[in-house]
Structure formats: C-alpha cells, structure tokens
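Comments concern the structure below.
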Amino acid sequence: MPSGVRRFALATLATSTVALLTTVAAYAGNGGFLPGEPHSPNAHRVHTAFIFVTIFTGIIFVGVEAALVLFIVKYRRGKRPRTAEGPQIHGSSRLEIIWTVVPVVILAVIGTFVFIELPGITDAPKAAAADQTRVQISGRQFYWQFTYPNGAVSIDTLVAPADQVVNEEISAPTWDVIHSWWVPDFGGKYDAIPGRVNKTWFKAPTGTYEASCYELCGIQHAAMHAKVKVVPRAQYDAFIAQRAQGGVALGQEEWQGVCEKCHRLDHAYIGPALGGKALLADRKAIEVLLRNGQGQMPSVGKDWTSQQFDALIAYTKQFAKSGGNG
Ligand code: CUA
C-alpha cells in the first residue's frame, strides 16, 4: 500500500478514535455512554456487567471499523477499469476456524460472568424487620402513585428512607395499561403490568433520583417522570405519618401529577381548559368524573380513597372561580 494512503488511513483511524473517546468523556456520568452513577447494590452489579461487556464490544467495534476503513482505502478501484475482476478466493480453513471459535469463547466468558452477577440482582438482602420498607408503586395513565405501609399516598414523588432496604412492589391497575418503572441510578427496569406484581428493591444514600416510565403507554407517556427522594429514616417516618392524614399537599401533588398531565387552567391542552370550572369545587362531581372517566379521559381516580378526593378538592377549589377564562 502506498505510504500516502497508509498515512491517511491511520490519520482517519486516530481522529475517529479521539472523537469517540472525547464524546465518551463529554457525556461521562449520567445520560451518555455510561449508565447513571450507581447508587444501589443492584445498580453496582448492572454497572459492572455493563463495563465488562463494553470492553469486548469496544475492542470488536474498533477492530471492525479499522478493518473497514483500511479495506475501503486499500482495495479501492483506483485506476483499474470498472469491469476488472478481483482475485477469486475459495475458503480459508484457518480463518474460518478462528472466526467461529473466538466469538464462541467471548460469548461463553460474558455468559459466565453475567450468570454469576445475576442472582445478586434479583435477591433482596435479608433486613431486620425494623428497617424493612415496602412501597407499592402503581403506574397509571399518566402518573405514578406510591402507597406506603401506613396507607399514605404520594404522586410522582416517592419518599424513601436512606441506607435501608426498600422493597418495591411494582404494578398497574387491571383497567390500566403496561408502564415501566426505571430509576437508572438504582439498576434494572421493571414493567408495571396490570394485575401483576413485580418485586425489586433498592438501598440508597440520601439524595434525589430521577425515574421515568419506559413503556409507551399513551399520549402523555413522555410526561410520566417521577422523583425518588431518599431522606433520613426519621424524616421518612414523619412524612408518611403526616401524609396519612391527607391534606392539601397531597391535593397539590394530585393536581400537578394527574390533572396537569393533560389539562391547563387557561387554555386547551390534551384536554379542555379547566380554569373557572365549577367542577373544581364540586366534590361529588369530581369524584364521579375521576372514578369513571369521560370520553378520551381515562378513569384516573377509579380506586382513589375518599381522602384522596378530599385532598384534591381542597387544592383545586381555588381554581373554580379564579384562574383563566375557563
Ligand atoms: Cu407510562 Cu409510559
């Protein structure tokens, strides 16, 4: 191969490698090449498995791309006539054995590694009864409802105790559709399937973590974000004790997490504008509407407790008179 061509090929390879590596650096941490910073034991295992697999796929990717660039340059037509035939090659036993055996060995190594890591991902560590927390996570069109052991409810913000095992029971109501619950910093993704409970757990330090729905579940799928607020145990206990009383704070979460996914006060959005509607102060009418749905609107509050409706109306009654041109 002429030295000019070789230099060009090497330069191309070098610049693309540098570009790829700097992209990785630029996106390092969350949302880029690597999964989120692991903040729960499961996530650490997922992270390790990811890095392990990435080493192999990285080497193969660079090898294949380098060969591609090299061959494009080295075997280009150049000045040969269009009709010129290339050399006719028939089989190469050694090469064929190599490209069969090497991938088999790589897959066996990856498979072994993953099977060693997997059991730890599914099993929750045994925790003392005192620091066990069980939260029901329910995916609905288009909000996340969290129910705590004492019956307290929160919408789109899960509050959890720090540094303790939190068991998650992930589901969806039988009348809803499939959603998918994922907190990237905590590890795996779990489907929220109507009528079925999927169980997982996490144990995280204090902090706020992002969660989202990862199953296309309807027009506002993309709006199904949530937060996991991990706080000291005492703060968690105080929160659920207070929230069990219901109140306007719950109502505000319901308004923002459930109603505002599709409605605005002053203009039509997915659904009609709500500002000034008498409905927002009518406890009975709002319950009928939310329990049964109407037209395009799903029955977002079909299984809500009366406390949840009380909380909602306590918050929304302010919009019945003021707020936009309804
Ligand atoms: Cu719920 Cu997508």
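The values are calculated or read from the model by the stated rules, or taken from the named source; none is laboratory data. Remember, it's a predicted structure, so these values are computed and weren't measured experimentally. Positions of Cβ are backbone-derived with ideal geometry, glycine not excepted, and every protein chain shown enters the neighbour counts. Side chains are part of the model used for accessible areas, which takes the heavy atoms of the whole protein and leaves out ligands, DNA and RNA. Shrake-Rupley method; radii C 1.70, N 1.55, O 1.52, S 1.80 Å.
Things worth noting here:
- Of the GluC sites (Glu not before Pro) in the stretch 79-154, those whose Cβ has at most 11 other Cβ within 10 Å and which sit in DSSP loop: 85
- In the chain, taking the dipole from charged Cβ atoms about the Cα centre, the farthest positive-side position among 38, 274, 174 is held by 38.
- Using 0.36 nm per residue and subtracting the Cα-Cα separation, the extra length available between residue 279 and residue 163 on full extension is 37.4 nm.
- With the simple model of a label 7 Å out from the Cα in the direction of the Cβ, residue 65 to residue 52 spans 2.5 nm.
- Of all the options 86, 246, 120, the one that moves most in a Gaussian network model of the chain with Cα springs shorter than 10 angstrom is 86.
- Annotation: per residue accessible area for the stretch 181-326 equals 50 Å², rounded to a whole number [probe 1.4 Å, protein chains only].
- Each principal axis of the chain carries a Cα extent, and these read 84, 53, 33 Å when sorted largest first.
- Gyration tensor (alpha-carbon) shape descriptor, the stretch 258-321, a/c threshold 1.5: oblate
- Listed residues 177, 101, 197, most fluctuating in the chain (Gaussian network, C-alpha, under 10 Å): 101
- Accessible surface calculations at 1.4 Å, restricted to protein heavy atoms, place the stretch 73-161 at 67 Å² per residue.
- Working from label points 7 Å from Cα in the Cα-to-Cβ sense, the residue 208 to residue 23 distance is 3.2 nm.
- Among 20, 158, 279, the largest mean-square fluctuation in a Gaussian network model of the chain (Cα springs under 10 Å) belongs to 20.
- Helix 306-321 axis, angle to the chain major axis (alpha carbon atoms, nearest 10°): 90
- Summing Cβ point charges (Lys, Arg +1; Asp, Glu -1) relative to the Cα centre of the stretch 64-152 gives a dipole of roughly 760 debye.
- Gain on full extension, evaluated as 0.36 nm per residue between residue 197 and residue 11 minus their Cα-Cα distance, stands at 61.5 nm.
- The length gained on full extension between residue 291 and residue 136, counted as 0.36 nm times the residue separation minus their Cα-Cα distance, comes to 53.8 nm.
- Sites matching chymotrypsin sites (Phe, Trp or Tyr not before Pro) across the stretch 47-104 that sit in DSSP coil, with at most 14 neighbouring C-beta atoms within 10 Å: 75
- Cleavage-rule hits (trypsin sites (Lys or Arg not before Pro)) in the stretch 269-326: DSSP loop, at most 15 neighbouring Cβ within 10 angstrom: 302
- Of the solvent-accessible surface of the chain, computed with a 1.4 Å probe over protein heavy atoms with every protein chain present, carbon and sulfur atoms account for 62 percent.
- Violating pairs (Cα-Cα greater than 24 angstrom) within the set 189/229; 227/321; 229/261; 199/261: 227/321; 199/261
- Residue 169 sits among other residues whose Cβ lies under 10 Å from its own Cβ, and their net charge, with Lys and Arg +1 and Asp and Glu -1, is +1.
- Remark: the chain carries a charge dipole of roughly 1240 debye about the Cα centre, counting +1 on each Lys and Arg Cβ and -1 on each Asp and Glu Cβ.
- Sequence-separation-based contact order of the chain, relative, with Cα cut under 8 Å and 6+ spacing, percent: 14
- Angle in degrees between helix 3-26 and the longest Cα principal axis of the chain, rounded to the nearest 10: 20
- Rounded tilt (10° steps) of 283-292 against the dominant C-alpha axis of the chain: 40
- Dipole-positive endmost among 56, 286, 209 within the chain (Cβ charges, Cα centre): 56
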